[in-house]
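Taking it in order: structure first as structure tokens, then the write-up.
The values are calculated or read from the model by the stated rules, or taken from the named source; none is laboratory data. This one's a predicted model, so the numbers in the text were calculated from it and none came from an experiment. Every residue, glycine among them, receives a Cβ derived from its backbone with ideal geometry; neighbour counts consider all protein chains shown.
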Amino acid sequence: MNIASEDDILGLVGRFFPVDHPSLLLGRGDDCAVLKRNGPLAVTTDIFAEDTHFRRRYFTPFDIGFKAAAVNVSDVGASGASPSGLSIGLTLTGNEDEAWLSGFCEGMKAICDRFSLALSGGDLTKSSLVSVCVTAWGELPEALPRGLRRGAAREGDVIFLAGSAGLARLGLTRLEAARTTEEVEQVKKHWPKACTAHLRPEPLAFDGASLARFAVEHDAVDRIGLMDVSDGLARDLPRLLASRKTGLGADIVLPEEVLDGEILRHAEETGVDAPAFAFDGGEDYALVGTCPEDLWPALSQTLESPCRVLGRVRKGALTLNGKRPASAGFDHFSH
């Protein structure tokens, strides 16, 4: 297939994504798609921009499509919604050939297939860099119309983490240091879990939906807080606790023995503090939440992903292993 026009690109997309889907009353092809809504919808939008969120020297087209979809599904799941579909705004340079576009679509389709998502449509344009803007949505239980949110914590609540922290940051750190194709391949060979965590994060949306059902079943819709960890625990925990408003903090315990071996190897090679490195993190796409202590034993059994207690909510500052964190975490506009 020769890629010579916008219609060619749309034709290629159509080979990967069907127009009809149970989540749509009207699919792609008109000015608007029409969504089929069975309950309240949670909606999110995320931009995935070249040289800000990814670099082509170590992201394959498959990786770009996969991660652009995955980070949005992670947000939907963190609200407690079951992901239903997405739309995509895609900026291309005009130099992408059929192989590149097919790889991109295959990566996005891998996420869509995993969560049975509709692709409702979107937009195409041309610019100097590739950029992907995805809007995703999912359905919430009728009994949880506002979803699981930040700011639900009270003193004494358990803070828990589903998934892992620090591996994606390690993947980014190592891949950024690789300047040639050969170096990139060596990094991927020697740091496989870290590179996978950065390039192809696994959204824990099924766990998010399970937590929503748990909240409804246990009459705790306003007592369970949840968010995904996209900017690292150091930045996201104060958001989860609404610390600026509530004055809540916690003594977070993150010992070396719970960290992945690749993080420990990196710390040994570079001299960084492994727990602090993992806590600073970024792009983990784990789930961090709060719940009343009496609900924790039952709640932990609802999660498919590995989970652990990070600490208990209390008034005051946030500490990590008994010390104030050296960093407040990642912020796009402070770097």
(1) in a helix (DSSP H, G or I); (2) under 27 Å from Lys193 (Cα atoms); (3) free of Cβ contacts under 8 Å to residues at least 60 places away in the same chain; (4) not charged (D, E, K, R) all hold for Ile263 apart from (3)
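Can you confirm whether Asp63 is under 26 Å from the mean Cα position of the chain (by Cα) and part of a helix (DSSP H, G or I)? Please lay out each step first, then the result.
Values: under 26 Å from the mean Cα position of the chain (by Cα): yes; part of a helix (DSSP H, G or I): yes.
Taking the combined requirement at face value, the residue satisfies it.
Determine if the stretch 18-25 includes at least one residue that is in a loop (DSSP other than H, G, I, E, B), touching a Phe, Trp or Tyr at 6+ places or on another chain (Cβ under 9 Å), in contact (Cβ under 8 Å) with a residue 24 or more places away in the chain and not assigned by TED's automatic domain parsing to the domain that holds Thr173. Step through it out loud before you land on a result.
Going through the stretch 18-25, the residues in a loop (DSSP other than H, G, I, E, B) turn out to be 18-23.
With the extra rule that they be touching a Phe, Trp or Tyr at 6+ places or on another chain (Cβ under 9 Å), the set shrinks to 23.
Remaining after also requiring in contact (Cβ under 8 Å) with a residue 24 or more places away in the chain: 23.
From what's left, not assigned by TED's automatic domain parsing to the domain that holds Thr173: 23.
For the stretch 18-25, residues in a loop (DSSP other than H, G, I, E, B), touching a Phe, Trp or Tyr at 6+ places or on another chain (Cβ under 9 Å), in contact (Cβ under 8 Å) with a residue 24 or more places away in the chain and not assigned by TED's automatic domain parsing to the domain that holds Thr173: present.
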When restricted to Ala49, Ala110, the only residue over 26 Å from Gly29 (Cβ atoms) and among the hydrophobic types (A, V, I, L, M, F, W, C) is Ala49
Residue count, the stretch 169-224, condition among the basic types (Lys, Arg) and either buried (at least 17 other Cβ atoms within 10 Å of the Cβ) or assigned to a loop (DSSP other than H, G, I, E, B) (or both), comes to 6
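Pick out the one residue from Ser116, Ser164, Ser74, Ser82 that is out of contact with any Asp or Glu (no Cβ under 9 Å at 6 or more places or on another chain) and either among the aliphatic types (A, V, I, L, M) or within 29 Å of Val221 (Cβ to Cβ) (or both). Can you show your working first?
Working: Ser164 fails: out of contact with any Asp or Glu (no Cβ under 9 Å at 6 or more places or on another chain); Ser74 fails: out of contact with any Asp or Glu (no Cβ under 9 Å at 6 or more places or on another chain); Ser82 fails: out of contact with any Asp or Glu (no Cβ under 9 Å at 6 or more places or on another chain).
Criteria check complete, one pass: Ser116.
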Over the stretch 1-24, the set of residues at pLDDT 90 or above and either of a type in the set (Asp, Glu) or closer than 30 Å to Ala143 by Cβ (or both) is Asp20, His21, Pro22, Ser23, Leu24
